[in-house]
Amino acid sequence: MINSRFDGDDFKHQGLRNRLIKIIRNKGITDEAVLTALGAIPRHLFMDSGFIGFAYKDSAFPISCGQTISQPYTVAYQTQLLNVEEHQKILEIGTGSGYQTAVLIEMGARVYTMERIHTLSLSARQILTKLNLSAHFQYGDGYKGLPGYGPFDRILITAGAPSVPDELKNQLKIGGILVAPIGSPELQTMIRCKRISENEFSETKHGGFIFVPMVAGKTED
Ligand code: SAH
């Protein structure tokens, strides 16, 4: 084991993380770049210090404002489907804790991340700054995307939406890929949508997941 480059990440955390990576691998994640990134990012630093014991279990966990940090397997699953390559420009909808954002940055992507709850956007920015991981944090409504910064190679939605928002599909580069959990608030199907040409998109359906809902509009605070 080598010393972590992150403050507050010791051998005990690294050991727990290695065990978690084995579990995720056994659940079917095969992309080594994804597993390496999850193995590097100290998930416990994205949770309240009282809950550090839960950080390396493969489950979602509450963060503030009634939201959740996604289950590590789900983060790995979405990231694998996204087919991330170095230097790609990625738009993430639903910053939440900032954990998924950190995983994408660790894979070499340039990340633009949107969050409708200001408090969460600020605290995620603070954590990532401490870890020396840089991203563009945008407090705003993800249904609108970031047309001024697009088009994007990849778009990742980390909240459950009723359908793939057209506004976001239009911010994909030709050949670009969007991954999103789509369905009812109780259950969503992971969708991978590829932009074939200006007006053509192809879609494949993957496993069932449960995310917090994607809500239109941003909060006032
Ligand atoms: N990727 C996050 C998961 C957070 S849960 C993580 O790793 O921790 C989903 C997040 O999406 C919540 O923080 C929620 O506030 C946010 N969200 C919901 N609807 C949104 C919208 N329209 N625009 C931006 N963010 C949204």
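Identify, please: which residue in segment 66-86 is more than 15 Å from I177 (Cα to Cα) and more than 7 Å from the ligand (Cβ to nearest atom) and is, among those, most open to solvent (accessible area, probe 1.4 Å)? In this case the residue turns out to be G66. Which condition number does M114 fail, the rest of (1) within 20 Å of K173 (Cα to Cα); (2) within 16 Å of the chain's Cα centre (by Cα); (3) more than 7 Å from the ligand (Cβ to nearest atom); (4) not β-branched (V, I, T) being met? Result: M114 passes all but (3). Here is the figure for segment 203-221: residues that are open to solvent by 50 Å² or more (accessible area, probe 1.4 Å) and away from the ligand (no atom under 16 Å from the Cβ) total 5. Here the condition is being at pLDDT 95 or above, among the charged types (D, E, K, R) and either within 17 Å of the chain's Cα centre (by Cα) or not in a helix (DSSP H, G or I) (or both); of D7, D58, it holds for D58 alone. Tallying residues that are of a type in the set (D, E, K, R) and open to solvent by less than 10 Å² (accessible area, probe 1.4 Å) within segment 10-49 yields 2. Condition test on L178, is it more than 15 Å from the chain's Cα centre (by Cα), open to solvent by less than 20 Å² (accessible area, probe 1.4 Å) and under 20 Å from Q100 (Cβ atoms)? Criteria not met by L178.
Looking only at segment 134-153, count every residue that is within 13 Å of the ligand (Cβ to nearest atom) and not charged (D, E, K, R) and tell me the total. Even if it seems obvious, please write down each step before you answer.
Filtering segment 134-153 down to residues within 13 Å of the ligand (Cβ to nearest atom) leaves 135, 137-146.
From what is left, the residues that are not charged (D, E, K, R) are 135, 137-140, 142-143, 145-146.
The qualifying residues number 9.
Hey, any hits in segment 67-75 for a residue that's among the polar types (S, T, N, Q), touching a residue at least 40 places away in the same chain (Cβ under 8 Å) and on the phi > 0 side of the Ramachandran plot?
The initial filter retains those residues of segment 67-75 that are among the polar types (S, T, N, Q), namely 67-68, 70-71, 74.
The next check asks that each one be touching a residue at least 40 places away in the same chain (Cβ under 8 Å); those that pass are 67-68, 70, 74.
Subsequent filtering for residues that are on the phi > 0 side of the Ramachandran plot retains none.
Scanning segment 67-75, I find no residue that is among the polar types (S, T, N, Q), touching a residue at least 40 places away in the same chain (Cβ under 8 Å) and on the phi > 0 side of the Ramachandran plot, so the answer is no.
Among the numbered conditions (1) surrounded by fewer than 21 Cβ atoms within 10 Å (Cβ to Cβ); (2) farther than 26 Å from D31 by Cα; (3) not hydrophobic (A, V, I, L, M, F, W, C), the only one that S134 does not meet is (2).
Within segment 159-176, is there a residue that is part of a loop (DSSP other than H, G, I, E, B) and more than 14 Å from the ligand (Cβ to nearest atom)? Yes, because at least one residue in segment 159-176 is part of a loop (DSSP other than H, G, I, E, B) and more than 14 Å from the ligand (Cβ to nearest atom).
Beta carbons closer than 6 Å, at least 6 apart along the sequence or on distinct chains, pair a first residue in segment 9-37 that is under 25 Å from E85 (Cβ atoms) with a second that is surrounded by fewer than 17 Cβ atoms within 10 Å (Cβ to Cβ) for R17/G39; I21/G39.
The values are calculated or read from the model by the stated rules, or taken from the named source; none is laboratory data. Here the structure is a predicted model, which means the values were calculated and not measured. Here Cβ is always computed from backbone atoms with ideal geometry, including for glycine, and neighbour counts include all displayed protein chains. Note: areas computed on protein heavy atoms with side chains; ligands, DNA, RNA excluded. Shrake-Rupley method; radii C 1.70, N 1.55, O 1.52, S 1.80 Å.
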